[in-house]
Amino acid sequence: MPAPVTDEGGQCRLRLTIGYDGTDFSGWATQPGRRTVCETVESTLATVLRAPVRLTVAGRTDAGVHASGQIAHCDVPVASLRTRSIDGEPSRLVRRLAKMLPDDVRVKAVDEVSTDFDARFAALARTYRYRLADARWGAEPTAARVTADWPRDLDVDAMNDAAHGLVGLNDFAAFCRYREGSTTIRELQEFSWRRDDDGVLVAVVRADAFCWSMVRSLVGAVALVGDGRRDRDWCTGLLAERSRSAQVPVAQARGLCLVHVAYPPPAEWAARAELTRDVRDAGDLAGGCCGD
């Protein structure tokens with residue numbers, strides 16, 4: 001049976017859908033003396049609710065990385081939602097926050113969920129989009145903040161061939177920056193490329209979770225195949241390595257956007273979160289938080 005929405009201590013759990021332009025943020029995670037998405041949203045929520053707020057997030061994005069579908073949760077006093085402007089309806093927070101948050105971050109939806117929901121541990125998969133321009137003149141100026149550029153012409157068919165060779169449950173150590181105590185085994189569920197109507201290459205990258213710098217390293221490796229400097233066998237051969245490869249370039253942060261986080265039905269939230277925590281405690285973070 002799902003946990004109650006409101007616990008005995010008068011707390012309720014809120015789920016937030018958040019979008020942001022990461023250009024002028026030092027990433028998601030709070031850092032002293034730096035402007036971060038987490039600190040900006042937490043402090044604004046605390047002002048509105050007149051109570052301390054601590055967010056748990058699905059994916060801790062790096063500096064310069066964007067999001068249109070970031071998910072976070074927090075526990076707040078029920079009494080804090082009983083102000084005249086909110087009147088017990090968490091969805092009304094969206095309009096209040098829109099008036100107070102800076103233009104480069106928005107809380108797009110707020111709803112009350114059971115305490116079984118965990119934005120990080122209950123997630124099944126995270127999906128990123130990566131935009132890469134190979135035009136001689138670079139990215140379109142009106143989209144330059146969300147589009148990376150590549151200095152050589154790219155073959156989208158070669159990139160898809162290389163990308164498909166990386167899909168599956170693998171050790172992605174060659175593509176990940178080292179983080180003590182973290183595994184680099186991940187299930188890459190989708191990695192595909194297309195050209196949009198403006199000629200920009202757009203990748204969809206989905207996995208159960210991502211380790212630190214993994215998405216941008218995957219893009220960089222496949223782009224080397226796309227511009228002819230490497231071949232598919234080199235790319236798939238990286239899966240045999242057990243440490244970060246110096247041969248793999250890390251693509252620019254500005255092209256990356258977290259677009260979706262998938263969760264099971266509510267009745268399965270608690271089981272999923274418990275399973276993910278058990279896996280993490282065993283030293284396998286395949287269901288843990290992403291690092292791009």
**OP:** Round to the nearest 10 and report in Å² the accessible area of Thr47, as given by a 1.4 Å probe over the protein chains' heavy atoms.
**Re:** 90 Å²
**OP:** May I ask for the Kirkwood hydrodynamic radius of the chain, worked out over all distinct Cα pairs and given in angstroms to one decimal?
**Re:** 20.0 Å
Original post:
If you take the beta carbon distance between Ala271 and Ala135 as r and set R0 to 51 Å, what does 1/(1 + (r/R0)^6) give as a FRET efficiency, to the nearest 0.05?
Top reply: 0.60
**OP:** Express the carbon and sulfur contribution to the solvent-accessible surface of the chain as a percent, rounded to the nearest whole number, probe 1.4 angstrom.
**Re:** 48 percent
Original post:
How many angstrom separate the Cα center of the stretch 136-215 from the Cα center of the stretch 7-50?
Top reply: 27 Å
**OP:** Obtain the nm distance between the two label points defined at Ser245 and Val78 by a simple spin-label model: each point lies 7 Å from its Cα along the Cα-to-C-beta direction.
**Re:** 5.5 nm
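Ratio of the stretch 44-166's C-alpha Rg to 2.2 N^0.38 Å, to two decimals?
Against the compact-globule rule of thumb, the ratio is 1.44.
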Original post:
Taking N as the number of residues in the stretch 149-277, what is its alpha-carbon radius of gyration divided by 2.2 N^0.38 Å?
Top reply: 1.11
Subject >> Exposure of Glu274 as accessible area (Å², to 10), given a probe of 1.4 Å and all protein chains >> reply: 110 Å²
Original post:
Just for the stretch 8-109, what percent of DSSP beta bridges are antiparallel, to the closest 5?
Top reply: 100 percent
Original post:
Measuring with a 1.4 Å probe in the full set of protein chains, what accessible area per residue, in whole Å², belongs to the chain?
Top reply: 46 Å²
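Which FRET efficiency, nearest 0.05, do Arg179 and Arg92 yield, Cβ-Cβ r, R0 35 Å?
0.35
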Original post:
Per-residue ellipticity at 222 nm for the chain, helices alone: DSSP H runs ≥ 4 residues times -39500 (n - 2.57), over residue total, nearest 500 deg cm²/dmol?
Top reply: -6500 deg cm²/dmol
**OP:** Express in nm, to one decimal, how much length is gained between Gln31 and Thr142 on full extension, taking 0.36 nm for each residue of separation and deducting their alpha carbon distance.
**Re:** 37.0 nm
**OP:** Please list, in chain and number order, the residues 5+ apart from Lys108 or on another chain whose amide H is under 5 Å from its amide H, with Hs placed from the backbone.
**Re:** Thr17, Ile18, Gly19
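The values are calculated or read from the model by the stated rules, or taken from the named source; none is laboratory data. Keep in mind that what you see is a predicted model, and the values were worked out from it rather than measured. Reconstructed Cβ throughout: ideal geometry from the backbone, glycine too, with neighbour counts over all protein chains shown. Quick note on the areas: whole protein, heavy atoms, side chains included, nothing else; ligands and nucleic acids left out. Shrake-Rupley method; radii C 1.70, N 1.55, O 1.52, S 1.80 Å.
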